[in-house]
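Q: Right, I'll just put the structure down here and ask away after.
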Amino acid sequence: FPVMWSCAEFWFHRLKNVNGVYLAPNEYSPEHGPSGEDGTAHAQQMISYLFQNLKDAIDILGANTLDISEADIAKLNDYLAKTDKGLATETCKQANNGVNNGDLLLREWKYSAHTAGQLGHRHMSHLMALYPMDQITPESQYFTPAVNSLRHRGDEATGWSMGWKVNLWARALDGDHARKIIKNALKHSTSYGT
């Protein structure tokens, strides 16, 4: 709990309030590098997840057993309610891998023209809420856009991103696709460029 609270305090100081919504300023994109943009999807997903888990921990442990004031709890609740969750959709504009123009995709940046990111890029940072976190479930309105985003990017990957895609496909309830990625990861490479 002390580590979680310390992380939350960091974000209390770093987040900026834009029209009543807390955004992580000047964030980094694994795909495009230092973007100088506010509110990248993965940052917002991780921060809101931290705040929710912290609230859950307080509920489980009991506020009276923790070294935390009512004002601290009120502050956490305010940030939890007003922090952008990093979940937004857009319509596909470039059909790929069975995802058609007009299908919903999860946006990589909510406030930027970069939107869904590059086709074929191996990183999936905007899908943190699907895996390793659990903010996007099959019942969520963002489940199909997340699966479409995963499909839209394709299966090509290297190393760590192949492992991540295996887990993403498992969370997408598509074990056959997860197995396909595992088989790709374990076959002998014919190219060492990517």
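The values are calculated or read from the model by the stated rules, or taken from the named source; none is laboratory data. A quick note: this is a predicted structure, and the numbers were derived from the prediction, not measured. We place every Cβ from the backbone using ideal geometry, glycine too, and count neighbours over all the protein chains shown. Note: accessible area is taken over every heavy atom of the protein model, side chains too, but ligands, DNA and RNA are not part of it. Shrake-Rupley method; radii C 1.70, N 1.55, O 1.52, S 1.80 Å.
Q: Quick check on my link table: of K16/K93; K82/K110; K85/K180; K55/K165, which ones sit more than 25 Å apart, alpha carbon to alpha carbon?
A: Violating the 25 Å limit, Cα to Cα: K16/K93; K85/K180; K55/K165.
Q: Kindly report, to the nearest 10 Å², the accessible surface of H13 as traced by a 1.4 Å probe over protein heavy atoms only.
A: 150 Å²
Q: Using the Karplus curve 6.51 cos²θ - 1.76 cosθ + 1.60 with θ = phi - 60°, work out ³J(HN,Hα) for each residue of segment 132-143 in order, rounded to whole Hz, and write x for Gly and Pro.
A: Rounded to whole hertz, the list is x, 7, 10, 6, 10, 10, x, 7, 6, 5, 9, 4.
Q: With a 1.4 Å probe and all protein chains in place, put S125, S140, S69 in order of accessible area, largest first.
A: S69, S140, S125
Q: Any idea of the accessible area per residue across the chain, 1.4 Å probe, to the nearest Å²?
A: Spelled out: the 1.4 Å probe surface of the chain, per residue, equals 53 Å².
Q: Determine the relative contact order of segment 38-187: mean sequence separation of Cα pairs under 8 Å and six or more apart, normalised by residue count, in whole percent.
A: Computed value for segment 38-187: 22 percent relative contact order.
Q: Ordering V99, V3 by how much accessible area each has at a 1.4 Å probe, largest first, what is the list?
A: Listed by decreasing accessible area, they come as V3, V99.
Q: If C92, C7 are ordered by their accessible area, calculated over protein heavy atoms with a 1.4 Å probe, which sequence runs from highest to lowest?
A: C7, C92
Q: State the percent of C-alpha pairs, over all pairs in segment 13-107, separated by a distance greater than 21 angstrom.
A: The answer is 48 percent, as a whole percent.
Q: Any chance you could look up the accessible area of F1 with a 1.4 Å probe, heavy atoms only, rounded to 10 Å²?
A: So the heavy atoms of F1 present about 60 Å² to solvent.
Q: Taking amide H positions as placed 1.01 Å from N in the peptide plane, with prolines and chain starts having none, which residues 5 or more places from K85, or on another chain, fall under 5 Å of its amide H?
A: So K85 has HN proximity to no qualifying residue.
Q: Just read off the accessible area of R171 with the full protein assembly in place, 1.4 Å probe, to the nearest 10 Å².
A: 90 Å²
Q: What's the carbon and sulfur percent of the chain's accessible surface, probe 1.4 angstrom, rounded to a whole number?
A: Carbon plus sulfur share of accessible area: 52 percent.
Q: Out of S140, A172, V18, whose Cα points farthest toward the positive end of the dipole of the chain (charges: +1 Lys, Arg; -1 Asp, Glu; placed on Cβ)?
A: Toward the positive end, the furthest listed residue is A172.
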